[in-house]
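The block underneath contains the structure these notes are about, expressed in structure tokens.
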């Protein structure tokens, strides 16, 4: 029994020793495995850290490249914007130049149209408003429809000796004049008709815009040849001419000089520009025994002023200074030491006239009117005729001796 127990104890000791050895060995293996795992984990952490650092570096590099590229892109965008802005400026400049060229082309076209007169087109525009003035049997002169109330304008000398005035239109309508009023010193007359014609009056434009060399056409009834059109050019402006009418003569201002052919019967007809607009009323021609190609028309501005007064009042009060004037001669300019031949010499103010009342004297030289220089008697009288009426004031710049003075004249009514 004891031996059995001893044997069992020995076995138990052997088993306990084996278990202890195994436990020790297992612990050593676990320690070794733990150290290995820790080393592997450390190595893995180091590797991850290195990889993270590399990734961060790559990110930094990529970010830097992207920033650089973004900067380049933004710079290119700015450059592109600047280029676009420059192109837009160039386009705008080109547009302005195109507009300027179009304006110049339009202006050149207008200038060319001013220099060219299409006789056929002008005739179509004005022939229908041209009328014949007669005593009922024979055509004496011409005229034209002035307004939509069928007033007719003509030259005063055409109708002043007629007891009854007849008007005939191109389409054959006839009417007597129920009223005749005229201005001798302007050679303009207005006829009020018994019968109204449904005829469109021609356009009447500003004659101050007319220039020497402008093409013109005259339309009238010379020698009873109805609605005859002749063409020419303006050859002078602001003329002051002595017009002979049979045994009578009178001085007329505000005359346009032109060379379109006119003859007996043209008086009272239209002088028109290249657009068929009225710039004057034909009144006379120079006697062919003295010269030819010099004809006269009262300016449209004077015509409108006088016709409006005749229609409204039945008469036109002509502005009057009561002074005899003449152009400056070369001898007078040199003898008096004047600066130029531009101006008007007063020969004599009439007794009790507005000129004398204002203090004007013989020998005074008028060099400006209302502040504007005056060249000669034609310009002076034309300014009065178109711009002044009785009761108006006229400011004159006068050279008297070696002094220059200002004189204001109260314009009177011509007796």
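Some notes on this structure:
- For region 240-247, the count of residues that are crowded, with 22+ Cβ neighbours inside 10 Å and either closer than 14 Å to residue 127 by Cα or at pLDDT below 95 (or both) is zero.
- Residue 212 being touching a strand residue (DSSP E or B) at 6+ places or on another chain (Cβ under 9 Å), under 21 Å from residue 277 (Cα atoms), surrounded by fewer than 18 Cβ atoms within 10 Å (Cβ to Cβ) and in contact (Cβ under 8 Å) with a residue 12 or more places away in the chain: yes
- Filtered by the rule that a residue be out of contact with any helix residue (DSSP H, G or I) (no Cβ under 8 Å at 6 or more places or on another chain) and in a strand (DSSP E or B), region 265-282 gives 271, 282.
- Any hit, region 252-261, residues being part of a strand (DSSP E or B), out of contact with any helix residue (DSSP H, G or I) (no Cβ under 6 Å at 6 or more places or on another chain) and farther than 25 Å from residue 125 by Cβ: yes
- Any hit, region 350-358, residues being more than 29 Å from the chain's Cα centre (by Cα), surrounded by 14 or more Cβ atoms within 10 Å (Cβ to Cβ) and under 25 Å from residue 236 (Cα atoms): no
- Checking the stated criteria, residue 167 turns out to be at pLDDT 95 or above and either surrounded by fewer than 14 Cβ atoms within 10 Å (Cβ to Cβ) or more than 30 Å from residue 383 (Cα to Cα) (or both).
- Within region 194-208, considering residues that are under 25 Å from residue 237 (Cβ atoms) and more than 22 Å from the chain's Cα centre (by Cα), the one surrounded by the most Cβ atoms within 10 Å (Cβ to Cβ): 202
- Any chance residue 324 is more than 34 Å from the chain's Cα centre (by Cα), closer than 22 Å to residue 237 by Cα and in the same structural domain as residue 267 (by TED's automatic domain parsing): no
- Any hit, region 294-302, residues being outside the structural domain of residue 393 (by TED's automatic domain parsing), assigned to a loop (DSSP other than H, G, I, E, B) and touching a residue at least 24 places away in the same chain (Cβ under 8 Å): yes
Residue-by-condition table, conditions (1) touching a residue at least 40 places away in the same chain (Cβ under 8 Å); (2) assigned to a strand (DSSP E or B); (3) within 28 Å of residue 324 (Cβ to Cβ); (4) in contact with a helix residue (DSSP H, G or I) (Cβ under 9 Å, 6 or more places away or on another chain):
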site	(1), (2), (3), (4)
190	yes, yes, no, yes
196	yes, no, no, no
199	yes, no, no, yes
208	yes, no, yes, yes
218	yes, yes, no, no
233	no, yes, no, no
238	yes, yes, yes, yes
250	yes, yes, yes, yes
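- The conditions of being touching a residue at least 24 places away in the same chain (Cβ under 8 Å), touching a strand residue (DSSP E or B) at 6+ places or on another chain (Cβ under 9 Å) and within 23 Å of residue 250 (Cβ to Cβ) are met by residue 135.
- Residues located in region 175-193, provided they are modelled with pLDDT under 95 and surrounded by fewer than 16 Cβ atoms within 10 Å (Cβ to Cβ): 178, 179
- Number of the condition not met by residue 224 [criteria: (1) touching a residue at least 60 places away in the same chain (Cβ under 8 Å); (2) buried (at least 22 other Cβ atoms within 10 Å of the Cβ); (3) more than 26 Å from the chain's Cα centre (by Cα)]: (2)
The values are calculated or read from the model by the stated rules, or taken from the named source; none is laboratory data. In this text the structure is predicted, and so the values were computed from the model without any measurement. Using ideal geometry, Cβ is built from the backbone for each residue, glycine included, and neighbour counts are taken over all protein chains shown.
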